[in-house]
Amino acid sequence: MLTAALAVACTAVVALTVALVRTRRRWQAAVGERGWLLERERESAAEAAIAAERDRIARELHDIVSHNVSIMVVQASAAREVLGTMPDEAATALRAVEDAGRGAMTDLRHLLGLLAPAQDGTDTDPGPGTEPSAEAARTPLAPQPGLDRLSSLVDRISFAGLPVEVRVSGEPRTLPQGIDVTAYRIIQEALTNALRHGDGGRAEVTVRYADHALRVEVLNTGPSVLTGTAPAGPGPHGRGTGRGLLGLRERVAVYGGDLDARRRLGGGFRVRARIPLDRP
């Protein structure tokens, strides 16, 4: 009886040992597989973050370059037309080209400074044609433009040849920085397109501070599809790479808003956006 009991006990110990070894191996395999999955998730998240950052940089570069270069092209064309007959007006247009170029360089310098700032977080590059100074080195990076710079944007567009009327309704208030930048970029892109592709019309900008949303609308006049004077084929905003409007839709979608851009039956183009202000 004792021998049989010892045999059963030994068998049980061996069986438990084998089961324990198998369980441990399965646990190690599961841990290894989970670690591999976590590593893949981290790699996927990193790749998604890189792609999102590239898209953001591409949108910023498009907004900066497209706007300023459009101003420069329009003003340079105007200067060429009046260079021989109205030198003062030509000089004024060329100064506008210079100012637009300097503005583009400043915006690009700030964007590059955000991508690769100094160790103390300041923008130490004084820009071309200037000497660095201790005061300039201590100047912090300028924030991205918001609706507080709408007046200067409208002045540039108007001076380039597109009259712009601005209407603001509701009680203006401080906006989250991302929404503020997005609203400014919508107006900038719409006015730049109207200036670049317009036919001597005019534009209207409406900014409405509603209780729960910010509404932005840009209208510009132009040839009408009803009278048959509109250009054939895609509208002016449809030419090019389409990165401008696509980037704007992506900006607005981040905040749960929507953007609509289309040709007006009465002539011209309309860009309208709604951005929620109370989204958690």
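A few notes on this one:
- Remark: ALA76 falls outside the filter, which requires a residue to be farther than 18 Å from PRO145 by Cβ, at pLDDT 75 or above, open to solvent by less than 40 Å² (accessible area, probe 1.4 Å) and of a type in the set (Gly, Ala, Ser).
- Filtered residues of region 243-268 (kept if assigned to a loop (DSSP other than H, G, I, E, B) and either open to solvent by 30 Å² or more (accessible area, probe 1.4 Å) or among the polar types (S, T, N, Q) (or both)): TYR255, GLY256, ARG264, LEU265, GLY266
- Looking across region 157-178, not a single residue is open to solvent by 10 Å² or more (accessible area, probe 1.4 Å), hydrophobic (A, V, I, L, M, F, W, C), in contact with a strand residue (DSSP E or B) (Cβ under 9 Å, 6 or more places away or on another chain) and assigned to a helix (DSSP H, G or I).
- Qualifying residue in region 125-147 (condition: at pLDDT 90 or above and either in a helix (DSSP H, G or I) or acidic (Asp, Glu) (or both)): yes
The values are calculated or read from the model by the stated rules, or taken from the named source; none is laboratory data. None of the values given here were measured: they were computed from a predicted structure. Positions of Cβ are backbone-derived with ideal geometry, glycine not excepted, and every protein chain shown enters the neighbour counts. Quick note on the areas: whole protein, heavy atoms, side chains included, nothing else; ligands and nucleic acids left out. Shrake-Rupley method; radii C 1.70, N 1.55, O 1.52, S 1.80 Å.
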